[in-house]
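Colleague: After the structure tokens below, expect a handful of questions from me.
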């Protein structure tokens, strides 16, 4: 497989943020629909108090829940022939209000780590995109257009004025940029690597792939790629948060998740997962999210019997103690997103389910 084809596979996996797998011993499904239909879904229940009130949607117009606005409000997108609207929905009262609207279709929305700002990705053609930064009132602070077939963007959790952007063209060549909200400008960046993570207000980390886009050495450098320092060998995924740094690698025929302090790289805890066969023969990495308040890492853990994967459990892993807790058993690997108070999780490709972590109750979000 040539380098462009390998990059296409990697970009598809990282931008989609989802994982498909065929567990050992499971019968292959004839289609994705029948595969999902055979998976057990969590029962939808409500607590006696603070009932979750779902969004009343029209299927023709509703696109998706996209992010938390704060701990008790969600943001969702409605696209129609007149353009797109973002609404703010209160999960306990059902009240909703218009947050933002535009004549172009909205691809997605992403909040900053503090939920003070929101990045809105719009596009009206297959080779152009626009990024719009708004404040918590939905007022536009900055907008920027770029030639692009796909975009990847990373907020700087140490300085939320900065966003690192990678724009992929149709031939999967790419350009990097740094958006600076404070200075209201976007500068091209000459770093020859995509998929970076911020390590401080001025430094980044990246994998330096050679011929194969699988395992690679991990490097720390300034935002221009100067003053490189090697952080690890044979890493195939990583993620930086403000207080912890996660690396994912192979270890004794297992997948190893290692957590370190972002400031010192001191190792905190680690755990391993069994390797799962995937349709693409690439490494399977479960969807995950991290709660910086309670220091808990949420992910889907394969449950095995006789070395065969039988199911997936939604697990919380304490970064402080190394202890794990099963939130819900027998789940499908789907995107998850923690609320700012650490009490709730969004689940699903449209975030159409909410999990209340204390009670472990689940409720549907879309009617």
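Colleague: Somewhere in segment 60-75, is a residue at pLDDT below 85 and exposed (fewer than 15 other Cβ atoms within 10 Å of the Cβ)?
Modeller: Scanning segment 60-75 turns up at least one residue that is at pLDDT below 85 and exposed (fewer than 15 other Cβ atoms within 10 Å of the Cβ).
Colleague: Still on this model: From (1) more than 25 Å from residue 65 (Cβ to Cβ); (2) surrounded by fewer than 16 Cβ atoms within 10 Å (Cβ to Cβ); (3) modelled with pLDDT under 95, pick out the condition that doesn't hold for residue 293.
Modeller: (1)
Colleague: Being part of a strand (DSSP E or B), surrounded by 15 or more Cβ atoms within 10 Å (Cβ to Cβ) and under 20 Å from the mean Cα position of the chain (by Cα) is the requirement here; does residue 221 meet it?
Modeller: No; evaluated as a whole, the condition is false for this residue.
Colleague: Taking only segment 281-294 into account, find how many residues are closer than 13 Å to residue 325 by Cβ and either touching a strand residue (DSSP E or B) at 6+ places or on another chain (Cβ under 7 Å) or not in a loop (DSSP other than H, G, I, E, B) (or both).
Modeller: 1
Colleague: For segment 67-131, which strands (runs of 3 or more DSSP E) that fit wholly inside it have 3 or more residues that are within 22 Å of residue 198 (Cα to Cα), free of Cβ contacts under 8 Å to residues at least 60 places away in the same chain and out of contact with any helix residue (DSSP H, G or I) (no Cβ under 8 Å at 6 or more places or on another chain)?
Modeller: By residue number, 106-111, 117-125.
Colleague: Within segment 298-311, is there a residue that is within 19 Å of the chain's Cα centre (by Cα), outside any strand (DSSP E or B) and under 21 Å from residue 239 (Cβ atoms)?
Modeller: Scanning segment 298-311 turns up no residue that is within 19 Å of the chain's Cα centre (by Cα), outside any strand (DSSP E or B) and under 21 Å from residue 239 (Cβ atoms).
Colleague: May I pose another question? Being modelled with pLDDT of 95 or more and part of a loop (DSSP other than H, G, I, E, B) is the filter; apply it to segment 321-332 and report the residue that is farthest from residue 298 (Cα to Cα).
Modeller: In this case the residue turns out to be 321.
Colleague: Still on this structure, I have one more. In segment 137-151, which residues are crowded, with 16+ Cβ neighbours inside 10 Å and not in a strand (DSSP E or B)?
Modeller: Matches in segment 137-151: 138, 148, 149.
Colleague: Another question about this same structure. Would you confirm whether or not segment 152-163 contains a residue that is assigned to a loop (DSSP other than H, G, I, E, B) and under 18 Å from residue 248 (Cβ atoms)?
Modeller: Looking for residues that are assigned to a loop (DSSP other than H, G, I, E, B) and under 18 Å from residue 248 (Cβ atoms), one finds none in segment 152-163, hence no.
Colleague: Identify, from the list 308, 325, the residue that is over 26 Å from residue 107 (Cα atoms) and free of Cβ contacts under 8 Å to residues at least 12 places away in the same chain.
Modeller: 325
Colleague: Listed residues 286, 302; which is closer than 26 Å to residue 231 by Cβ and surrounded by 18 or more Cβ atoms within 10 Å (Cβ to Cβ)?
Modeller: The conditions single out 286.
Colleague: Something else: With (1) within 22 Å of residue 195 (Cβ to Cβ); (2) surrounded by fewer than 17 Cβ atoms within 10 Å (Cβ to Cβ) as the list, and residue 267 as the residue in question, which single condition is left unmet?
Modeller: (1)
Colleague: Take the conditions modelled with pLDDT under 95 and touching a strand residue (DSSP E or B) at 6+ places or on another chain (Cβ under 7 Å) and apply them to residue 167. Does it pass?
Modeller: It is false that residue 167 is modelled with pLDDT under 95 and touching a strand residue (DSSP E or B) at 6+ places or on another chain (Cβ under 7 Å).
Colleague: Across segment 193-208, what is the number of residues that are in a strand (DSSP E or B) and closer than 13 Å to residue 165 by Cβ?
Modeller: 2
The values are calculated or read from the model by the stated rules, or taken from the named source; none is laboratory data. If you're wondering where the values come from, they're calculated on a predicted model, not measured in any experiment. Neighbour counts are summed over all protein chains in view; Cβ atoms, including those assigned to glycine, are modelled from backbone coordinates with ideal geometry.
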